[in-house]
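Shown next, in structure tokens, is the structure this report addresses.
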Amino acid sequence: MVRTLCIAVLTLTVALTNAAALAQEKSSGRVSWWRNPKIQHELLLSEGQVFLLEQIFQHQLPARIALQRDLERLDLAVQHALDRGEPDDAAAMHAIERAEQVRMQQNIRRALMLLAMSKVLMAEQRAKLSTLVDSPPLTLPR
């Protein structure tokens, strides 16, 4: 009974997190590159590839959101320390170092996600995606 309730709560949490991310994506007008029909067509992505890319993204999403929240909180603490002229240099340094550690973790997690995504693509698709990213008329959504 307790286990079933925990699973239900966890499932609901993941669903709400995913729904919030999709709502934010839609409200900002951004579409992930693998969801963009034009890019799907350009890269000749199969349904299986789109599914795998989405799975990789969704698997990483909760941790990336948590890191972003931590970073925002820590950046605010650093800003408050700067605004106050923090008299304790060690405390200010600790806040700055912690914010930079989280920023580094965020960048590493994103890079690992992109690496996993690149493994789903064939060499020709990776080359074409690189061309699309570098080409002004077909830039990927941000």
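The values are calculated or read from the model by the stated rules, or taken from the named source; none is laboratory data. Keep in mind the model is a prediction, meaning the values are calculated, not measured. Ideal geometry is used to build each Cβ from the backbone, glycine not excepted, and the neighbour counts take in all protein chains shown. Remember, those area values only see protein heavy atoms, side chains included, never the ligands or the DNA or RNA. Shrake-Rupley method; radii C 1.70, N 1.55, O 1.52, S 1.80 Å.
Here are some residues: 61, 44, 74, 52. Which one is at positive phi, modelled with pLDDT of 90 or more and among the hydrophobic types (A, V, I, L, M, F, W, C)?
Criteria check complete, one pass: 44.
Could you check how many residues of region 37-63 are closer than 16 Å to residue 116 by Cα and acidic (Asp, Glu)?
Total satisfying the criteria: 1.
Residues in region 3-19: is at least one exposed (fewer than 12 other Cβ atoms within 10 Å of the Cβ), in a helix (DSSP H, G or I) and at pLDDT 65 or above?
No: zero hits.
So, in region 28-63, exactly how many residues are touching a helix residue (DSSP H, G or I) at 6+ places or on another chain (Cβ under 8 Å), part of a helix (DSSP H, G or I) and open to solvent by 60 Å² or more (accessible area, probe 1.4 Å)?
At the first step, the residues of region 28-63 found to be touching a helix residue (DSSP H, G or I) at 6+ places or on another chain (Cβ under 8 Å) are 31-35, 38-40, 42-45, 49-50, 52-54, 56-58, 60-63.
In the following step, the residues that additionally are part of a helix (DSSP H, G or I) were identified as 33-35, 38-40, 42-43, 49-50, 52-54, 56-58, 60-63.
The next check asks that each one be open to solvent by 60 Å² or more (accessible area, probe 1.4 Å); those that pass are 38, 42, 52.
Looking only at that region, the number is 3.
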